[in-house]
Structures are given as structure tokens and as C-alpha cells.
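Quick note: the coordinates plus some simple rules give every number you see, no bench work behind them. Computed from a predicted model, the values in this text were never measured in an experiment. Note: ideal-geometry Cβ built from the backbone for every residue, glycine included; neighbour counts use all protein chains shown.
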Amino acid sequence: MPADTFWPLILSALQITLGGAIALITAWCIHRFKHKNENASPGERRLLILEEISREVGYVNHCFARYSALVIESTRFGKTWPNARKLELEKVNAELVEEFRKLADAEAKLLMLGEKTMEKTLRLYAAKIALFRKQVYVGRQDISEQEIGDLKATILTLREQFYDLLSRRYDRLLAA
């Protein structure tokens, strides 16, 4: 075999081998990353689930804070409230509804873990947010800022109770 055809074959074979090795290493890394939690102990898995629940409740709280700020602003301005802010409120409202679905998932996870007290507190928290949405809305002028503040304070109290319960459970799992 002449040298001018031999070297291109060797180079092609090396490139194919190198490409295959890179593909195998990438597939192995992705597989390892996706399945790293499967080897965790039951206590570690509970911790991961509680962290996930905390994150989901945090997202709901963030969306609710944005929603409530916009709705309170709308009650202050009344009919002079800009349309751009109304559109922003509609977007935030849609996000809040989507986060409520995740909150229902978090409640189911808590029940699965046997955390009935935490689930009940989380359910009350969600119910109070829903009540807030029914009582404080765009265009409503007959509600005072004091009443709105009282509703928000109740919601924040329930959130604190939930996080206290979650924190105690999390600390016990860490200590075990």
C-alpha cells in the first residue's frame, strides 16, 4: 500500500476513534448526572425532596409577592392605572396559577413522606392566597389598605409556620 493512501486511512481511523471516545465519555457523564440521586440513602432522598418542596414554595411566594404588589397598586390608582401594568398583572397571574400546580405537587410529596402537618399548613397557605385573589382584585375600590395588609399578614404567618416545620424536619434529618 502506498504511503500517500496509508496515512489518510490512519488519520481517519484516529478521528473516528477519538469521536467515539468523546461520545462515550459524554454519554457516561450525562448518565451519571441523571442517576446520581438513585444511589442516595433514604434519608438523603428525603432531604432532596424537602429541598425541592422548599424551592417550589419559594417560587409561589415570589409570584404571590409580585401579584399582590401589582394588585395593591391597581387599587391605589383605580381607573388611572396604566394598561402596561394591567398586562404585567395578567402575566404574573398566569405564572401564579402555574405555580399553584407545583404547590399541589409539593403537597402530594409531603403526603407521600407522611408529613401531614406540613401538608396541612401548606394547604392553608395556598387557600389563603386563593382567598386573597378573590378579595383583592383590579378595580375593587371598597377595600382598605389595612384590610389588604391584614390578609397579607395572615398569609405570611402561614408561610412562616410552614417553613418552621420544614426547617425542624430538615434539621432532624441532617442530624440523623
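A few remarks follow.
- Projected area averaged over orientations for the chain, convex hull of C-alpha atoms, nm²: 17.7
- For region 87-134, dividing the convex hull volume of the Cα atoms by the residue count gives 53 Å³ per residue.
- In terms of packing, defined here as the mean over residues of other Cβ atoms within 10 angstrom, the peptides 10-23, 85-98 line up highest first as 85-98, 10-23.
- Between helix 116-135 and the chain: long-axis angle, C-alpha atoms, 0 to 90°, nearest 10: 60
- For the chain, the mean residue ellipticity at 222 nm estimated from helices alone is -30500 deg cm²/dmol, where every DSSP H run of n ≥ 4 contributes -39500 (n - 2.57) and the total is divided by all residues, rounded to the nearest 500.
- Three principal axis lengths of region 46-136 [C-alpha, angstrom, descending]: 50, 21, 14
- The count of lysine pairs in region 1-123 that are at least 8 places apart or cross chains, and whose C-alpha atoms lie under 21 Å apart, stands at 7.
- Relative to the longest principal axis of the Cα atoms of the chain, helix 145-175 runs at roughly 40 degrees.
- Relative packing of 132-140, 45-53, which averages over residues the other C-beta atoms within 10 Å, highest first: 45-53, 132-140
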